[in-house]
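First the structure, in the form of structure tokens, and then the observations on it.
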Amino acid sequence: MSSQAELDKVIRSEYEAGFTTLVESDTLPPGLSEDVIRFISAKKGEPEWLLEWRLEAYRKWREMPEPEWAHLHYPKVDYDAISYYSAPKSMEDRPKSLDEVDPELLDTYKKLGIPLHEQEMLAGVAVDAVFDSVSIGTTFKEKLGEAGVIFCSISEAVQEHPELVRKYLGSVVPKSDNFFAGLNSAVFTDGSFVYIPKGVRCPMELSTYFRINEANTGQFERTLIVADEGSYVSYLEGCTAPQRDENQLHAAVVELVALPGAEIKYSTVQNWYPGDENGKGGIYNFVTKRGVAHDNAKISWTQVETGSAITWKYPSVVLRGDNAVGEFYSVALTRHAQQADTGTKMIHLGKNTKSTIVSKGISAGKSSNAYRGLVRMGPRAENARNFTQCDSLLLGDRCGAHTFPYIESKHPSATVEHEATTSKVSDDQLFLCRQRGIDPEKAISMIVNGFCKEVFKELPMEFAVEAGKLLEVSLEGAVG
Amino acid sequence: MLEIRDLHAAVNGKAILKGLDLTVNPGEVHAIMGPNGSGKSTLANVLAGRDNYEITGGQAILDGHDLAELEPEERAQAGLFLAFQYPVEIPGVSNMEFLKAALEAVRKAQGKEEWDSVTLLRKAREACKQVNLDAQFLKRGVNEGFSGGEKKRNEIMQMLLMEPRLALLDETDSGLDIDALQTVARGVNSLRSPERGIVLVTHYQRLLDYIVPDHVHVLSDGRIIKSGGKELALELEQKGYGWLTGEEESA
């Protein structure tokens, strides 16, 4: 069999997580207006200031044009055809423990390989699981409480810790930052909130799994992580969604605040339904992720992206303080008709700031994979340094890889290095593997995993294994 | 064990092998020699099943399997091993990981017991030692940044672990200094067994000083034009290939 035929076989595998949970939802009729926002805010029992904040975001959003500069092609989203609120009915009264959770929901997670009960027992991962828009279970609260760590849904934080939310919400991604962030600010339903007190090293990795379930329901998570001076936290985010025929919009906002000397490590494994061979039914993922690193602080983004029909995502770091460090490690795999325009922005403001960007793009099928990165050295950024490495791997000859690096330097002592490569899985590599008895499917997955190794080693251990498997599944059920 | 009958093969549509016959019995070492372009490497690649190397006539049978009907990995699982002339790099995939995948696939297909990771590591270290490779090479990417000689020794190391039924060595001696050549030869000699056939494809006689073949064949224009014992190689060394092919050749 030719290697192209092998690739085709692997690429045609079906989405493993494609199933729908039969849970009745309390869903708002489609459409967006000030009344809808009032409904969401009231439903969540929010204080007046937050309602005003949302309304202001909404009014600004209505004035904003949808961005068109990305290397993406998709039909216009009809924002009036989307329902902006949905909560599983059984959640009207929040369950006090996992025992009270709808068994069908728990079963959904099990199918995805996220057994909450087992995870509770497993080594130190606290799970705040978001099903559609409402949190259904939070674990390890007590242990975190002892350390003074706050880890809860953002709705809960609004009630319990309004001073923190009010101070930091929108401080990194302003509500009029961009079209999708504006929309999110107006209608966000839930997400996670983390606060690590001064000098505390969070005793476990924090983790959230997201899942989109309702047809035509946009999901607008809002995540806010604040690491106070000298603290440390590692946060894991993983996503997957069931099969759908209509495109599903997702516009999340993640804000990270690393106060002086703090370190935030944010890892994502994203596996949303990418659509069928023609891209039909896949998730549209328009995400704004940004962190601010103050003096001597460090923010590290690691992402493994295999899902979504459309990905528009640039986890960024504003290196505000002196000696701040920003990192971005990314693997983006596209196949079928998937389109990804992803990358990062490193904004160097402080002196001696340092950033590293390692981006690995893998394209298969007739997909398109673009890296877009901005490195900006501000006028105060004395001795700032950036290193960027951008590698693309092509599987087959019908896919595309593009690199759009932007560099702006306003300080003469700043150093910016950029390396880029594009390669193909060669017939010789494949033949070497097969000559050693390894079937082509496994061989391709092994070669691709090898290509991604530099990024995987940045992931927490369990996540790295998961990411390797995910790649294998994506290339397998997908590529073989 | 290997029966090649009137084999015709083409590379990218160009006829290279034009009626080749060869029989390898268990326990035998055969050397295939011949001038550049005679089809030696083609033979090795055709048997292993490389893309674009197509059998256009005749047959190659390994232990009752018609090789033409098997995918490359199935041939490997049937016990065929090819030591490459130019081993390719696979960045980021460690030698150990690669060996594990290969041995799992092959041993499973052959109904042999699976090696646990402790056994595998021990055996791999032994094999490295045998070919004079530091065990650190097991952690490095497959052939990644290896010198030419290291790549060749890495191939032999894999061969030792895979315990093939039929080992094909494609110009394994090319680019090796005398020490490396002796190391490689020791490795190959240690694999000589009544259960195994070995086919050496080589341009030069010097490898045969260290791995003494039972049979030597001279390949020219896609056919074996002369076969003999080990003396044939020495004779070729003195007289050059032109002696048999009737052409000027600077062997």
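The values are calculated or read from the model by the stated rules, or taken from the named source; none is laboratory data. Note that the coordinates shown come from a computational prediction; the quantities given were computed from them, not determined experimentally. Counting neighbours? That spans all protein chains shown, and the Cβs are built from the backbone with ideal geometry, glycine included. Keep in mind that these areas ignore ligands, DNA and RNA; they rest on the heavy atoms of the full protein, side chains included. Shrake-Rupley method; radii C 1.70, N 1.55, O 1.52, S 1.80 Å.
Rounding to the nearest 10 and keeping the result within 0 to 90°, find how far the Cα-based axis of helix B:148-162 lies from the longest principal axis of chain B.
Helix B:148-162 sits at roughly 70 degrees to that axis.
Residue farthest toward the positive end of the dipole of the stretch A:340-480, with Cβ of Lys/Arg at +1 and Asp/Glu at -1: which of A:402, A:379, A:367?
The one lying farthest along the dipole's positive direction is A:379.
Between residue B:25 and residue B:65, what's the calculated FRET efficiency when r is the beta-carbon distance and R0 is 25 Å? Round to 0.05.
Values: r = 16 Å, r/R0 = 0.66.
Step by step, r from the Cβ atoms, then E = 0.95.
Which pairs, out of A:198/A:298; A:43/A:313; A:313/A:360, put more than 21 Å between their alpha-carbon atoms? Mind dumping the intermediate values first?
Working: A:198/A:298 15 Å; A:43/A:313 30 Å; A:313/A:360 14 Å.
Among A:198/A:298; A:43/A:313; A:313/A:360, the Cα-Cα distance tops 21 Å for A:43/A:313.
Taking a 1.4 Å probe, which of B:159, A:461 shows the most accessible area, and what order do the others take after it? Mind showing how you got there, number by number?
On the way: B:159 0, A:461 145 Å².
These residues rank, largest area first, as A:461, B:159.
Would you tell me the accessible area of residue A:202, worked out with a 1.4 angstrom probe on the heavy atoms of the protein chains, in Å² to the nearest 10?
10 Å²
If I model a spin label at residue B:179 and residue A:64 as a point 7 Å from the Cα along the Cα→Cβ vector, what separation in nanometres do I get?
Placing both labels 7 Å beyond Cα along the Cβ direction yields 6.6 nm.
Leaving out ligands, DNA and RNA but keeping every protein chain, what accessible area does residue B:71 have, in Å² rounded to the nearest 10, with a 1.4 Å probe?
Accessible surface of residue B:71 is approximately 50 Å².
Which value, in debye to the nearest 20, describes the size of the charge dipole of the stretch B:2-245 about its Cα centre when Lys and Arg Cβ atoms bear +1, Asp and Glu Cβ atoms bear -1, and nothing else is charged? Provide the component values of the computation, followed by the final result.
Values: 28 positive and 36 negative charges, 75 e Å.
My answer is approximately 360 debye.
With each pseudo-label sitting 7 Å past Cα toward Cβ, what's the residue A:389-residue B:225 distance in nm, one decimal?
Each label point lies 7 Å from its Cα, and together they span 5.1 nm.
Sort A:349-357, B:55-63 by packing, meaning the average of other beta carbons within 10 Å per residue, with the highest value first.
Values: A:349-357: 22.0, B:55-63: 16.7.
Final packing ranking: A:349-357, B:55-63.
Projected onto the charge dipole of the stretch A:379-479 (+1 at Lys/Arg Cβ, -1 at Asp/Glu Cβ, origin at the Cα centre), which of A:445, A:392, A:426 gives the Cα projection farthest towards the positive end?
Sorting the options by dipole projection puts first A:392.
Need the C-alpha centroid separation for the stretch A:392-441 versus the stretch B:6-24, integer Å.
Their Cα centres are 37 Å away from one another.
Quick one: putting +1 on the C-beta of Lys and Arg, -1 on the C-beta of Asp and Glu, what dipole do you get for the stretch B:1-107 around its Cα centre, in Debye to the nearest 20?
Values: 8 positive and 15 negative charges, 75 e Å.
For the stretch B:1-107, the charge dipole is close to 360 debye.
Quick one: of A:175/A:280; B:123/B:152; A:345/A:442, which pairs are farther than 29 Å apart, Cα to Cα? If you can, show how the numbers build up before the last one.
Values: A:175/A:280 31 Å; B:123/B:152 19 Å; A:345/A:442 35 Å.
Result: A:175/A:280; A:345/A:442 exceed 29 Å.
Between residue B:134 and residue A:50, take the C-beta separation as r, use R0 = 51 Å, and let me know the FRET efficiency to the nearest 0.05.
Working from the Cβ atoms, E equals 0.25.
GNM on chain B, C-alpha springs below 10 Å: top fluctuator among B:113, B:195, B:54?
Looking only at B:113, B:195, B:54, the biggest GNM fluctuation is shown by B:113.
How much accessible area does residue A:336 have with a 1.4 Å probe, in Å² rounded to the nearest 10?
Roughly 20 Å² of residue A:336 is accessible to a 1.4 Å probe.
So how do B:94, A:176, A:207 rank on accessible area, 1.4 Å probe, biggest first, that is with the largest at the start? Write out the running numbers ahead of the final one.
Working: B:94 20, A:176 55, A:207 0 Å².
Correct descending sequence by accessible area is A:176, B:94, A:207.
Just to be sure I understand the model, the point goes 7 Å from the Cα along the line to the Cβ. What's the resulting residue A:465 to residue B:121 distance in nm?
A separation of 1.6 nm, rounded to one decimal place.
For chain B, set up a GNM with springs between Cα atoms under 10 Å and report which of B:48, B:68, B:135 has the largest fluctuation.
With Cα springs under 10 Å in chain B, the top fluctuation among B:48, B:68, B:135 is at B:135.
What average number of partner chain Cβ atoms lie no more than 10 Å from the Cβ of the residues making up A:441-450?
Details: counts 0, 4, 7, 0, 1, 7, 5, 2, 3, 11.
Mean shielding count: 4.
Top to bottom by accessible area (1.4 Å), largest first, where do A:470, B:67 land? Spell out each step's value before the answer.
Working: A:470 20, B:67 0 Å².
Sorted by accessible area, descending: A:470, B:67.
Let me know the charge dipole size of the stretch A:375-454 about its Cα centre in debye, to the nearest 20, where only the beta-carbon of Lys, Arg (+1) and Asp, Glu (-1) is charged. Mind dumping the intermediate values first?
On the way: 10 positive and 11 negative charges, 39 e Å.
The dipole magnitude comes to about 180 debye.
Antiparallel DSSP bridges in the stretch B:2-245: what percent, to the nearest 5? Could you put the intermediate results ahead of the total?
On the way: 25 of 43 bridges.
Within the stretch B:2-245, antiparallel bridges account for around 60 percent of the total.
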